1. Just give me the residues in the range 23-63 being surrounded by fewer than 14 Cβ atoms within 10 Å (Cβ to Cβ) and in a loop (DSSP other than H, G, I, E, B), in sequence order.
2. Which numbered condition in (1) of a type outside the set (Asp, Glu); (2) in a loop (DSSP other than H, G, I, E, B); (3) free of Cβ contacts under 8 Å to residues at least 24 places away in the same chain; (4) within 30 Å of residue 54 (Cβ to Cβ) is the only one that residue 257 fails?
3. Against the definition (touching a residue at least 60 places away in the same chain (Cβ under 8 Å), in a helix (DSSP H, G or I), in the same structural domain as residue 373 (by TED's automatic domain parsing) and more than 30 Å from residue 141 (Cβ to Cβ)), how does residue 79 come out, yes or no?
4. Would you tally the residues in the range 139-156 being in contact (Cβ under 8 Å) with a residue 24 or more places away in the chain and either more than 21 Å from residue 185 (Cβ to Cβ) or of a type in the set (Val, Ile, Thr) (or both)?
5. Is at least one residue of the range 215-233 in the same structural domain as residue 113 (by TED's automatic domain parsing), surrounded by fewer than 20 Cβ atoms within 10 Å (Cβ to Cβ) and closer than 30 Å to residue 91 by Cα?
6. Out of 319, 324, report the one residue that is of a type in the set (Lys, Arg), buried (at least 22 other Cβ atoms within 10 Å of the Cβ) and in the same structural domain as residue 362 (by TED's automatic domain parsing).
7. Could you check the range 336-381 and list, in sequence order, the residues that are surrounded by fewer than 21 Cβ atoms within 10 Å (Cβ to Cβ) and polar (S, T, N, Q)?
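The values are calculated or read from the model by the stated rules, or taken from the named source; none is laboratory data. Worth saying up front: this structure is predicted, and the values here are computed from it rather than measured. Glycine also receives a Cβ, built like all others from the backbone with ideal geometry; neighbour counts cover every protein chain displayed.
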Amino acid sequence: MSATANRRSPAFIEAARRTLERPLASYQLVLGSSALLLGLGLIMVLSASSVFALTNYGNSFAIVVRQLLFAGLGIAGAVAAARIPMTLLRKLARPFLAVSVVLILATYIPGVGIDVQGNRNWLPLFGGFQLQPSEFAKLALVLWIADLYARRQKYLRTPRYVLTPMVPGALGVTGLVVGQHDLGTALVLFALIVGMLWVAGLPAKQMTGILAGLFGILLVAVITSPHRVDRLLNFTNPLSDASGAGFQSIHSSMALARGGFWGVGLGGSRQKWGSLPEAHTDFILAVIGEELGLLGTLVILTLFIVLAFAGIRIAGRTRDPFVRYTAAGITIWIMVQAVINIGMVLGLLPVIGIPLPLISYGGSSLLVTLVAMGVLVNCAKTEPGARRALAAGKANRARGSMARSR
């Protein structure tokens, strides 16, 4: 059996290598992983929110119907983003950022901005829907920084061209988000800034200074809020305040422990019956772990790893600087947000309130993330041979359709 396994292993590796050498490999990996994450997310939002929706709206499907609506809008946006010419996307980067900033500023207007659990980061829409402008700022910053660095490609060996005006501009937007008391989104934006500086090749000395400065800003943001201090001090020992700051962490751990390896079955979670706050939003991974077990959780993690691999591969293979920075920025944003959420659910990070991309309930987050996936698919088309392969595929399908019609 050992000899057989040794003979099979190289063949398997060789097949995987040939598959990844195909021009459309990254394109298909992004489409496949994001579609599977979205599908699993919709199923789990239905399961995790059913009790809450029945209790608060009298209809077990009330929340998942909202998520389906934003998923439809997001898919339409993703299709448009996947087809838009990159030159036009670059031209829209600065107006998109300006609109995002204006919308964030609108949340500060009394009577306009809506306060949700201490975070004033929502704007009212029709039919009881709400918009979170800071979610749009994530994609807007990625595109703006990518366009800026692409135009300065020849000068990025000089640190000042890397730092300005990117750092002041991005920190200004992040400061507005901090002012909304949304530390979770601000943390993702801080990580995006650092990640893009690293991709642009900022020297270690300047990078160390930036990291120290951002750490100082985060420290001030935490110590000026007693609630954040409690969360930070409590996450290493949630039992010290089991009915307060440690409540979510404890019940998240209970859900994961009960799920074991195989899970208790879809729909069988006990924690979603009111024991675990935000079961369908920030802590949906705990419900996944309880109902689908460690196996289901590993599937989610694997899909995020595949998506990260595809994003890094696109950034490394494309010849277009704008595409390189855009693919890198989207990958950094999605992966950092996923890692923070997963770490929070597992008790490895403080609870700061941030959704799991493509999985958690949240219209604004889902909509923007799906559009970002469309942009990443568009980026994948710039890899060597990708457009020719797509054109050949369309031609083959057209010939097959004509042959069947005869």
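1. The answer is 58, 59.
2. Here residue 257 clears every test but (2).
3. Here the answer is no, as residue 79 does not meet what is asked.
4. To start, the set of residues in the range 139-156 that are in contact (Cβ under 8 Å) with a residue 24 or more places away in the chain comprises 139-147, 149-150, 153, 156.
Going one step further and asking which of them are either more than 21 Å from residue 185 (Cβ to Cβ) or of a type in the set (Val, Ile, Thr) (or both), we end up with 142, 145, 147, 149-150, 153, 156.
Counting residues in the range 139-156 that are in contact (Cβ under 8 Å) with a residue 24 or more places away in the chain and either more than 21 Å from residue 185 (Cβ to Cβ) or of a type in the set (Val, Ile, Thr) (or both) gives 7.
5. no
6. 324
7. Of everything in the range 336-381, nothing turns out to be surrounded by fewer than 21 Cβ atoms within 10 Å (Cβ to Cβ) and polar (S, T, N, Q).
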